[in-house]
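Input: a single structure, listed below in structure tokens.
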Amino acid sequence: MDCIFCKIKAGEIPAQIVYRDDEIIAFRDINPKAPSHLLVIPNRHIETLADLKEEDTNMIGRLVLVANQIASEEGFSENGYRLVMNCREHGGQEVYHLHLHLLGGRQMMWPPG
Ligand code: 5GP
Ligand code: ZN
């Protein structure tokens with residue numbers, strides 16, 4: 001499958017992986033938009049938020065918990081951080097393998113562009 005994130009998961013494209021279990025991996029974004037920018041993804045290839053099914057409820061919850069854990073480990077949990085999921089064209093999604101952005105280490109602006 002021609003998916004960048006599936007290739008990262010398989011070790012075919014190098015990435016700085018910070019977390020891995022049988023359901024989820026997390027790695028550093030190649031073009032960080034904050035001092036800390038990580039991507040938390042399901043191992044299973046799901047294209048977008050809109051493709052989630054009832055049976056994905058536990059996995060999607062775990063994505064958030066893994067992001068929270070990484071924020072603590074990276075040391076920016078107390079100051080706060082932002083979790084973002086972009087869905088399809090109007091959401092600004094570029095990689096069509098579901099991912100949760102974890103951004104920290106600076107003051108975030110609101111609203112996003
Ligand atoms: P999206 O716009 O789809 O929500 O975000 C995709 C993210 O993936 C972007 O922040 C982009 O910098 C990141 N990205 C794209 N290609 C690669 C890659 O090959 N390696 C890593 N680590 N991140 C990537
Ligand atoms: Zn994929």
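The values are calculated or read from the model by the stated rules, or taken from the named source; none is laboratory data. Predicted model only: the values in this text are computed from it and were never measured. Using ideal geometry, Cβ is built from the backbone for each residue, glycine included, and neighbour counts are taken over all protein chains shown. We work out accessible area using only protein heavy atoms, side chains counted, and drop any ligands, DNA or RNA first. Shrake-Rupley method; radii C 1.70, N 1.55, O 1.52, S 1.80 Å.
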Inset, instruction - Would you mind calculating the relative contact order of the chain from Cα pairs under 8 angstrom and at least 6 residues apart, reporting the percent as a whole number? - result: 30 percent
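Net charge near residue 30: determine it from the other residues with C-beta under 13 Å of the C-beta of residue 30, scoring Lys and Arg +1 and Asp and Glu -1. Walk me through the intermediate numbers first.
Numbers: positive: 7, 28, 33; negative: 29, 94.
Overall, the nearby charge balance is +1.
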Inset, instruction - Sequence neighbours fewer than 8 away in the same chain don't count; with that in mind, list the lysines whose C-alpha is under 26 Å from residue 33. - result: 7, 9
Inset, instruction - Obtain the nm distance between the two label points defined at residue 85 and residue 65 by a simple spin-label model: each point lies 7 Å from its Cα along the Cα-to-C-beta direction. - result: 1.6 nm
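In the stretch 1-56, what GluC sites (Glu not before Pro) fall in a loop by DSSP, with at most 16 other Cβ atoms inside 10 Å? Intermediate results must be reported in sequence, preceding the final value.
Details: sites: 12, 23, 47, 54, 55; in loops: 12, 23, 47.
For GluC sites (Glu not before Pro) across the stretch 1-56 that sit outside H, G, I, E and B with at most 16 neighbouring Cβ atoms in 10 Å, the list reads 12, 23, 47.
Calculate what fraction, in whole %, of the accessible area of the stretch 4-104 sits on carbon and sulfur atoms when a 1.4 Å probe is rolled over the protein chains.
On the way: 2780 of 5750 Å².
Using a 1.4 Å probe with all protein chains present, the stretch 4-104 comes out at 48 percent carbon and sulfur.
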Legend entry - Where no second cysteine Cβ lies under 4.7 Å, the cysteines concerned in the chain: 87
Legend entry - q = 0.17, 0.19, 0.21 Å⁻¹, the chain: log10 I(q)/I(0) [Debye, one scatterer per Cα]: -0.83, -1.04, -1.27
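Measuring with a 1.4 Å probe in the full set of protein chains, what accessible area per residue, in whole Å², belongs to the stretch 38-113?
Values: 4630 Å² over 76 residues.
Per residue, the stretch 38-113 has an accessible area of 61 Å².
Multiply the residue gap between residue 47 and residue 77 by 0.36 nm, knock off their C-alpha separation, and tell me the result in nm, one decimal place. Write down the numbers at each step before the final one.
Working: separation 30, 0.36 × 30 = 10.80 nm, distance 2.85 nm.
This chain segment gains 8.0 nm when fully extended.
Just add up the charged neighbours of residue 88: K/R +1, D/E -1, any other residue whose Cβ is under 13 Å from the Cβ of residue 88. Please report the intermediate quantities before stating the final value.
Details: positive: none; negative: 47, 51, 89, 94.
Result for the neighbourhood of residue 88: -4.
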Legend entry - Mean ellipticity per residue at 222 nm, deg cm²/dmol - from DSSP H runs of n ≥ 4 across the chain, formula -39500 (n - 2.57): -7000 deg cm²/dmol
